[in-house]
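Enquirer: Have a look at this one before I ask anything.
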Amino acid sequence: MIYNFYEKMFTGLVENTWKITSLKETGGGLRMTLDPTPGMEMRTGDSISVNGVCLTVVETGSSVAFEISPETMRSTNLGELKVNNRVNLERALRLSDRLGGHIVTGHVDGIGAIIAKKKAGDYTFYTFEAPADILKYTVKKGSVAVDGISLTVNGLDSGSFSAAIIPHTLTATNIGKKGPGDRVNIEVDIIGKYIEKLLNFSQDKDTKLMGLLREEGFAK
């Protein structure tokens, strides 16, 4: 059970970017084929983070293919990809691996958009517009996954958050090719969701307990 839990977890540390060689419609979905780069082995059935979306490898060999469901196309930016675009790739975490980024599930919470990109010294500052239901889980100095990249939130306001991208990340991922207007997949830190659920559960139990105590005359 523990193995299955980690089998589909990621860290947000992109291993490589591969070029899309073909996109074919398949009954409302999409079959995406990539040109593989040596040194990143994949097997049929493997779970791979593709631009932050957990997909299953359906074919390997001279090319690697994934099938994207209609729901995934609607809820992520994968349906907007074009041939020759590069996608961020990360293989699923193994129990022996170090967790260098943060826990990423590959289940995108929503789509945001780059609204600003500014160079400052060696760093490039990106500002991302995001829905309120994503921003409520976003905290300054906390972690967020953008197109599968583990980033640290540098700034936060009512409608957006920002992050400083180091030169290595710009060249090792596809974010360096993106700018204002480009849409990105966003996944918040799942730990925040667990905390929210536990707090809501605790408050609900407390409310029911107080109601029972009042009924029995032990509380006002």
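Enquirer: Quick one: what are the phi-derived ³J(HN,Hα) couplings along segment 58-70, Karplus 6.51/-1.76/1.60 with θ = phi - 60°, whole Hz, x for glycine and proline?
Expert: So the J values, rounded to whole Hz, are 10, 7, 10, x, 5, 9, 10, 10, 10, 10, 10, 6, x.
Enquirer: With only alpha-carbon atoms in the gyration tensor, what are the semi-axes of the equivalent ellipsoid for segment 117-188, in Å, largest first?
Expert: They are 19, 12, 12 Å, listed from largest to smallest.
Enquirer: Between the DSSP loop rule and a limit of at most 13 other Cβ atoms within 10 Å, which GluC sites (Glu not before Pro) in segment 1-94 are left?
Expert: 41
Enquirer: As a footprinting exposure proxy, order 109, 46 by other Cβ within 10 Å, with the fewest listed first.
Expert: Taking fewest neighbouring Cβ atoms as first place, the list is 46, 109.
Enquirer: Can you tell me how much longer the chain between residue 139 and residue 60 gets when fully stretched, taken as 0.36 nm per residue apart minus their C-alpha distance, in nm with one decimal?
Expert: Length gained between residue 139 and residue 60: 24.5 nm.
Enquirer: Please work out which option in (i) 189; (ii) 130; (iii) 171 gives volume of the Cα convex hull per residue in Å³ calculated from these coordinates, and answer with its label.
Expert: Derived directly from the coordinates: (iii).
Enquirer: If you line up the long axis of helix 190-215 against the longest principal axis of the chain, both from Cα atoms, how many degrees apart are they, to the nearest 10?
Expert: Helix 190-215 sits at roughly 20 degrees to that axis.
Enquirer: Would you mind counting up the charge near residue 56? Only other residues with Cβ under 9 Å from its Cβ, with Lys and Arg at +1 and Asp and Glu at -1.
Expert: -2
Enquirer: Where the only charges are on Cβ atoms (+1 Lys, Arg; -1 Asp, Glu), what is the dipole of the chain about its Cα centre, to the nearest 20 debye?
Expert: Magnitude of the dipole: close to 420 debye.
None of the figures in this text is laboratory data; all of them are computed from the coordinates on show. Keep in mind it's a predicted model, so treat the numbers as computed, not measured. In this analysis, Cβ positions are derived from the backbone assuming ideal geometry, glycine residues included, and neighbour counts consider all displayed protein chains.
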